[in-house]
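I have placed the structure first, in the form of structure tokens, so that the comments after it can refer back to it.
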Amino acid sequence: METVGHSRAVNALKRGLKEGRPSHAYLIAGPAHVGKMTLARDLARMVNCASADPPCAECRQCGRISQGLHADVRVVGPGYGGDEAARSRPSIGIDDVRALEREANLKPFEGRSRVFIIEAAERLTPEAANALLKTLEEPPEQVALILLASEPSVLPLTVVSRCRQIELRPLPPEQVAEALRSRGGADPSRVEETARLSGGRLGWALRALEEPDMVDGRSERVEGVREVMSGTLEKRFAYAGGLAARFPNDQDSVAQELELWRSWLRDVLLVKEGREDLAVSLSMMDALRSTASTLSSGRIVGALHAVGEALDMLRLNVNPRLALEQLMLRLPRP
Ligand SMILES: [Zn+2]
């Protein structure tokens, strides 16, 4: 298995296969980068592996799937049924599902089972989801469909109810750290901080080790948040105005910025309460301690509430400038 952790999901899948009752349709749900694709590929190896205890990771089938070369294991996304240009489409359309169906009706080319992994299944258009129902209901023999979704609630119930559902939860940070250490190469304090920042998503952590900017860039942005917090009201309002101006075109980045506030304030509270061991911004421990020393726990909790409420207001389409300025007024000054 290439999957790290998620033992409940893994054991359930293995049991199903061992007892000769594999499902033909799976829905693997869980946050982004938590390990959905890795588990889907493990499942593809399990149903195709030639050894007695699949997946063995050594047979030709397992090897081909690991290398992404196996002709019967396909990842389906926008433009699957079309040309290169169609791949930049935001949604998985009916042509893509038709292409999948055509292939599903062919005999496996080199393995025992054809496996279709539908990445980000919430991107299926309603027509495409509808077209997929027939295949989900009566899949051809030797076919497994694996839908991946980070927001399964968006999927039509008709689709969800035809799949065997597997939910992946974030891993404990120690397990992420352990997995990172076992791959070697990275500096131990870096590994520790990356694991804590990952929120239990190993895929994110692995990428962050390869792209140090994901962690360093965050530290810089947290530094910006700290400056706003200790700045004058004028400075705070200028910051709120900047975010509000960005909001109409880029809601996600504004939400991420507020999540950063939340993460920072949570760390301040943890340090205040003597739980430095749980804080995520390890490289900023000095700044955390100094902020924590000037604020009461009550005020930190109040600030956390204020950020949460600002996020709620933005989701409810309250005027963004109003929501953000209110937040600025409610934040304590260290
Ligand atoms: Zn194998």
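Read the figures in this text as sums done on the coordinates, not as results from a lab. What you see is a predicted model, and the numbers here were worked out from it, not measured in a lab. For neighbour counting, all protein chains shown are included, and Cβ atoms are generated from backbone atoms with ideal geometry for every residue, glycine included.
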What spacing in nm lies between the two simple spin-label points modelled at L133 and R190, each 7 Å away from Cα in the Cβ direction?
5.1 nm
How long is the gain from R169 to E259 if the chain were fully straight, where each residue apart is worth 0.36 nm and the alpha carbon distance is subtracted?
30.4 nm
Long-range amide H partners of A25 with built H, under 5 Å
L145, R164
Of all the Cα-Cα pairs you can form in the range 7-167, what percent are over 28 Å apart?
14 percent
For K14, counting only lysines whose alpha-carbon sits under 25 Å away and dropping same-chain residues fewer than eight positions off, the answer is K36, K107
Arranged by the count of other C-beta atoms within 10 angstrom, fewest first, what order do L17, L145, L270 take?
L17, L270, L145
If you wrap a convex hull around the Cα atoms of the range 188-334, how much volume per residue is inside, in Å³?
108 Å³
Centroid-to-centroid separation of the range 281-329 and the range 47-107 [C-alpha atoms, Å]:
45 Å
The chain: C-alpha gyration tensor shape, a/c 1.5 cut-off, then a/b vs b/c:
prolate
